[in-house]
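The values are calculated or read from the model by the stated rules, or taken from the named source; none is laboratory data. Just so it is clear, the model here is predicted, and its values are computed rather than measured. Note: ideal-geometry Cβ built from the backbone for every residue, glycine included; neighbour counts use all protein chains shown. All accessible areas refer to the heavy atoms of the entire protein, side chains included, with ligands and DNA or RNA removed. Shrake-Rupley method; radii C 1.70, N 1.55, O 1.52, S 1.80 Å.
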Amino acid sequence: MSDTTEDIEIRLVLEAIFRKYHYDFRGYSPASVKRRLHRAKDHFGCRTFSLLQDRLLHDPTLLSPLLSFLTVQVSELFRDPAYFRTIRELIVPHLRTYPSLKVWVAGCSAGEELYSLAILFREEGLEDRTLFYGTDINLEALKKAEAGVFELDRIPLFTENHRRSGGKSSLSDYYTAAYGAAVFDKSLRRRTVFSDHSLVSDAVFAEVQLVSCRNVLIYFDPELQNRAVGLFKDALSRKGFLGLGAKESLRFSRHADDFTEFSRDARIYQKRGTP
Ligand SMILES: C[S@@+](CC[C@H](N)C(=O)[O-])C[C@H]1O[C@@H](n2cnc3c(N)ncnc32)[C@H](O)[C@@H]1O
């Protein structure tokens, strides 16, 4: 089937973003990119994608708002509490056997997932031996993650999620309310590095015992998903754990045989022990 004019234009927009700004969305799942670019086109008041491409190429200030259309930032503290309950009850006992630990939260958005793990690790007494890496391509989100400030009206949901995840303390122990915001305790990110890293184009940067990458692979096409899972495999130590979101699995992955299914419900996999 031949491409529609719009399909051609969309590909050219993605090519322009890649060539000029080195953000590579060419391997993202087409239907979702198309939907997001439509919203961006309307937002910027461009009649066609070619006009959007023209604006983008000549006005670098468009990039940051465009990225916020292309990268979905939905997240919560202890989002999907059952996942964190599984980490607490089934993964932590394994992690306890290591004298030092590294955890990589890939696609960490504004840090909600990472703060959840930092709180969980503190409650389980693992915090002092753990280094956390939170990575994302959205620099605005990473700045928010570094600040650790969340809107106060999100706190009731976060508190309920924390409780349902098996939380051993009150979430209010970890933040101070100020000026309509919840400011999370700086000590929670004392052992965290937030950094710009793309699962599309960057390499492995550390050996880790746990990778948590939820609600990210859904935006990638199968080839790109294989690349990302390959990175996780290379980053994990023997018997390390890979947690994917409820919406993702390794079922069709090229790397499926390198992992065993550790928790089917939570979609947590364990890297096989063979080198
Ligand atoms: C829906 S959020 C998921 C946030 C969090 N992991 C969760 O499940 O609550 C998806 C995140 O993936 C990030 N992302 C998209 N493409 C990426 C890439 N190539 N490399 C790293 N992160 C990416 C987005 O910027 C966004 O912060």
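Assessment of the range 129-142 against the conditions (open to solvent by less than 30 Å² (accessible area, probe 1.4 Å), part of a helix (DSSP H, G or I) and not aromatic (Phe, Trp, Tyr)) yields at least one matching residue. Suppose we filter 92, 105 for residues that are outside any helix (DSSP H, G or I) and β-branched (Val, Ile, Thr); which single one remains? Every option except 105 fails the conditions. Residues that are open to solvent by 20 Å² or more (accessible area, probe 1.4 Å) and over 30 Å from residue 175 (Cβ atoms) number at least 3 in the following helices (runs of 4 or more DSSP H) confined to the range 11-88: 30-43, 49-58.
In the range 228-253, what count of residues is obtained for those that are of a type in the set (Lys, Arg) and surrounded by 16 or more Cβ atoms within 10 Å (Cβ to Cβ)? Matching residues across the range 228-253 total 1. Quick one: would you say residue 221 is away from the ligand (no atom under 16 Å from the Cβ) and among the acidic types (Asp, Glu)? No. Scanning the range 89-108 for residues that are open to solvent by less than 10 Å² (accessible area, probe 1.4 Å) and either near the ligand (Cβ under 9 Å from one of its atoms) or over 10 Å from the mean Cα position of the chain (by Cα) (or both) yields 91, 92, 95, 101, 103, 105, 106, 108.
Pairing each residue of the range 204-225 that is farther than 17 Å from residue 100 by Cβ with any residue that is polar (S, T, N, Q) and crowded, with 19+ Cβ neighbours inside 10 Å, provided the two are 6+ apart or on different chains, yields C-beta distances under 6 Å for 217/225.
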